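The numbers here are math on the coordinates, done by the rules we state, and not lab data. Because the structure is predicted, anything quoted here is derived from the model rather than measured. Note that each Cβ is placed from the backbone with ideal geometry, even for glycine, and that neighbours are counted across all protein chains shown.
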Amino acid sequence: MAIMRLHSGFARVFRQRCFYLFLSILVLIVVAPFLTDTLQGRVLVQALQVLVLIAAVAAVGRSTLPFVIALLIGLPAFLFQSGITFGYGEVATLGLYSNVFHAAFYLVAILYLLRYVFSPDVMTDDKLFGAASVYLMLAVMFAYIYMAAQLMEPGAFGAPPGRRRDFYDLLYMSFGTITSNGPGDVTPVGPKIRAIVIIEQIIGVLYVAILIARLAGIYPPRRARDTNA
């Protein structure tokens, strides 16, 4: 069946799974601002982002279903963003749909990665890179949520009247929020937006705490290991 062959092909791309995923997301975050000045660069970045996440879900998913779900969410996200890039339709409407689908796309990838990372098997180096990938993806997901919120509430992030914060302004704020360094020079305005920021702060702190607890539970203290030996 064609969909199963496609799923197998994407899974092979990430044979090392989460190490390549972490590296790909990190490179995209760093390189994207230098590519999005041109039309070809924007299309390339958008396509690579979708392909990376679909391949990641295919690699950590245990069946064809996660791959199909990723396709059904990732392709509309790419198409809506392409509509903005090529000037098809109303920018605000397409932007809202694009940001919502992107946030949902990242959420699906995060959930499947968490299932892989916190599975009861032995904690491997690849799972640690998976945990790091989730942390990066959480920040990117919230950046898309902030973009959607800004379209519904102009001025939600302190931009001058008639202007909006771009994606990298909100990604910068998102990483500052999730790492508890603060939103920087981007100011969340209004109780609804600040509630979303609070949720991201809580998730960022709890995620690190839960991951550390997971690692501590797997690796007992040296004295206990020596006694058992």
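List the relative contact order of the chain as a percent without decimals, with contacts defined as Cα pairs under 8 Å and 6+ residues apart.
Rounded, it is 16 percent for the chain.
Taking the highest mean first, how do the peptides 186-197, 75-86 order by number of other beta carbon atoms within 10 angstrom per residue? Don't skip to the answer; put the middle values down first.
Numbers: 186-197: 14.8, 75-86: 18.1.
Packing proxy ranking, top to bottom: 75-86, 186-197.
Between S63 and V30, what is the label-point separation in nm under the 7 Å Cα-to-beta-carbon projection?
Taking the two extended label points, one gets 3.9 nm.
Students often check this: by mean Cβ neighbours within 10 Å, which of 147-156, 36-45 ranks highest, and how do the rest follow?
Ranking the peptides 147-156, 36-45 by packing returns 147-156, 36-45.
How far apart, in nm, are two points set 7 Å out from the Cα along the Cα-to-Cβ line at L107 and at L23?
The modelled label-to-label distance comes out at 3.2 nm.
Using each residue's phi in the range 183-194, evaluate 6.51 cos²θ - 1.76 cosθ + 1.60 at θ = phi - 60° and report the 3J(HN,Hα) Karplus result to the nearest Hz, with x for Gly and Pro.
Coupling constants for the range 183-194: x, x, 8, 9, 9, x, 10, x, x, 5, 5, 5 Hz.
Mean shadow of the range 14-109, computed from the convex hull of its alpha carbons, in nm²?
Value for the range 14-109: 6.1 nm².
Please give the length that would be gained between L48 and Y207 if that part of the chain were fully extended, namely 0.36 nm times their separation in residues minus their C-alpha to C-alpha distance (nm, one decimal).
54.6 nm
What percent of all Cα-Cα pairs in the range 100-229 falls into each 10 Å bin, going from 0 up to the bin containing the maximum distance?
The calculated distribution, bin by bin, is 12, 37, 26, 14, 7, 3, 1.
Among A77, V122, F22, whose Cα projects farthest towards the positive end of the dipole of the chain, with charges put on the beta-carbon of Lys, Arg (+1) and Asp, Glu (-1)?
V122
Using the 10 angstrom Cβ neighbour count as an exposure proxy, how do D169, D185 rank, fewest first?
Details: D169 20, D185 10.
Least crowded to most crowded, the residues run D185, D169.
Starting from 0.36 nm per residue, how many nanometres of slack lie between T38 and R163 once their C-alpha separation is accounted for?
Additional length available on full extension: 42.9 nm.
With r as the distance between the Cβ atoms of T187 and T93 and R0 = 30 Å, compute the FRET efficiency 1/(1 + (r/R0)^6) and round to 0.05.
With a Förster radius of 30 Å, E is 0.70.
Take the alpha carbon gyration tensor of the chain, find the square roots of its eigenvalues, order them as a ≥ b ≥ c, and report rounded if a/c is under 1.5; if not, report prolate when a/b exceeds b/c, else oblate.
The shape class here is oblate.
Let me spell out the model: positive unit charges on the Cβ of Lys and Arg, negative unit charges on the Cβ of Asp and Glu, origin at the Cα centre of the chain. What dipole size does that give, in debye rounded to 20? If you can, show how the numbers build up before the last one.
Numbers: 17 positive and 11 negative charges, 130 e Å.
With Lys and Arg at +1 and Asp and Glu at -1, about 620 debye.
Relative to the compact globular guide of 2.2 N^0.38 Å, what is the alpha carbon radius of gyration of the range 24-73, as a ratio?
Cα-based Rg divided by the globular estimate yields 1.31.
Could you run the Karplus curve 6.51 cos²θ - 1.76 cosθ + 1.60 with θ = phi - 60° over the range 165-179 and give me ³J(HN,Hα) per residue in whole Hz, x for Gly and Pro?
5, 7, 4, 6, 4, 6, 5, 4, 5, 5, 5, x, 6, 6, 8
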